[in-house]
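Reviewing the structure listed below.
Read the figures in this text as sums done on the coordinates, not as results from a lab. In this text the structure is predicted, and so the values were computed from the model without any measurement. Please note: Cβ atoms are built from the backbone with ideal geometry, for glycine as well, and neighbour counts cover all protein chains shown.
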Amino acid sequence: MAKEKNVKAEGEEAAPKEGGKKKGKLLIIIILAVVVLLGGAAGAYFFLFSKGDDKDKAKTAKQTNVAQGVNFPLEPFVVNLMDQGGTKYLKVTVQIELADAKLMDTAKARTPQLRDAVITLLTNKTSEELITPEGKLMLKDEIKQRANQILGEGNVINVYLTDFVMQ
C-alpha cells in the first residue's frame, strides 16, 4: 500500500506539473501576442506619420522656393491694339517673378529688350483675344516665354498682370 500511496502521490504531483506547464505556455503565448500587437501598432504609427512628415517637408520646400523668387516690375505699357474699325488702347502693368534675386541685375540691364518683347506682343493682339480670362492667361504665358528667351530658360517663374485697362 505504501507503494500505491507513493504512486498516487507521484501521479498527483505529476498532474499539477503538467497544468503548470500548460499555464506557463499559455502565459508565454499571451505575452508574445501582446508584444507582436504592440510592435505592429508602433510600426503602423511610424509608417502613417512618417508619410505626413515627408509631405510637410515637401510643402516647406515649395514654400521656400516660392519665397526665393523675386518680382521685377516693368513700367506700365500703353499700346494700341490691333482691332479693325476702331482704335482700342490697352494699359497694362507687368511684374516678372524671377527665380533668384541674383537675376535682378540681369533683368535691369535687359529691361529694354523685355519692354520691346512685351510691346511687340501686345500690339499684335485684339481686344477680343484679351478680354477673356483665357486670353489673359495666354498673354501671361507668351510674356513668360519671351522673357525666358531674353533672361535665360527657367529664370522666369511667373508673370503677373498688376494693372489691366482696355478702352
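Results, tabulated for the structure shown:
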quantity	calculated
For residue 125, distant residues with modelled amide H under 5 Å away	82
Contact order normalised by residue count of the stretch 61-167, Cα under 8 Å, 6+ apart, percent	36 percent
The stretch 69-166: C-alpha gyration tensor shape, a/c 1.5 cut-off, then a/b vs b/c	prolate
Net charge contributed by nearby residues that have their C-beta within less than 14 Å of residue 70 (K/R +1, D/E -1)	-1
Signed unit charges on C-beta, dipole axis of the stretch 100-162, positive-most listed residue 161, 132, 114	114
